[in-house]
1. At 7 Å along the Cα-to-beta-carbon direction for both Leu36 and Tyr93, put a label point, then send me their distance in nm to one decimal.
2. Which value results when the Cα radius of gyration for the stretch 40-102 is divided by 2.2 N^0.38 Å?
3. Given a Förster radius of 25 Å and the C-beta distance between Met51 and Arg100 as r, what FRET efficiency does 1/(1 + (r/R0)^6) yield to the nearest 0.05?
4. Could you compute the net charge surrounding Pro92? Neighbours are other residues with a C-beta less than 14 Å from the C-beta of Pro92; K and R count +1, D and E count -1.
Amino acid sequence: MRRCSCRRVDGAGLIGDAMKDDNGILLRTVPIHRALNRPNLLLGCDREMIMFAGLVSGTMIIYILEWKSAVAGVFLWFISLWVLRRMAKTDPYLRQVYLRNKGYRSHYPPRPTPERVISDTANKRRMRNPWKR
């Protein structure tokens, strides 16, 4: 497809950029907004994972009530923030891909469906003469 320098008015009276395909037919282009494709990040990290890290760090700080645990909770928060930001910078959808991958089996047997198991009675039924009762 190549971009046409002209602008056209379609049937509804809307003005939009026109595209021409190889046959010369004018096509309308639709903009895809960046906000619709953006990953769901919070503080530059995966949203659910940074919220869980904050929950664990906050629980460690508040409920143990010692200075050592407060320092450890703050340290855990900053380390998890750093790790999760690096992970999101590499691939923002890494957690979703990993969770989808966990649902797959390591080996699929060569059958029409993975759940189908051919029993011995089914094999006997198949081998039986259909003309005999």
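Taken together, the values in this text are just the output of simple stated rules run on the coordinates, not laboratory data. For clarity, every value in this text was computed on a predicted model and none was experimentally measured. Cβ placement follows ideal geometry from the backbone for every residue including glycine, while neighbour counts extend to all protein chains displayed.
1. Those two pseudo-labels are separated by 1.6 nm.
2. Details: Rg = 13.2 Å, N = 63, 2.2 N^0.38 = 10.6 Å.
Cα-based Rg divided by the globular estimate yields 1.24.
3. Working: r = 21 Å, r/R0 = 0.82.
With a Förster radius of 25 Å, E is 0.75.
4. Numbers: positive: Arg34, Arg38, Arg47, Arg85, Arg86, Lys89, Arg95; negative: Asp46, Glu48, Asp91.
So the environment of Pro92 carries a net charge of +4.
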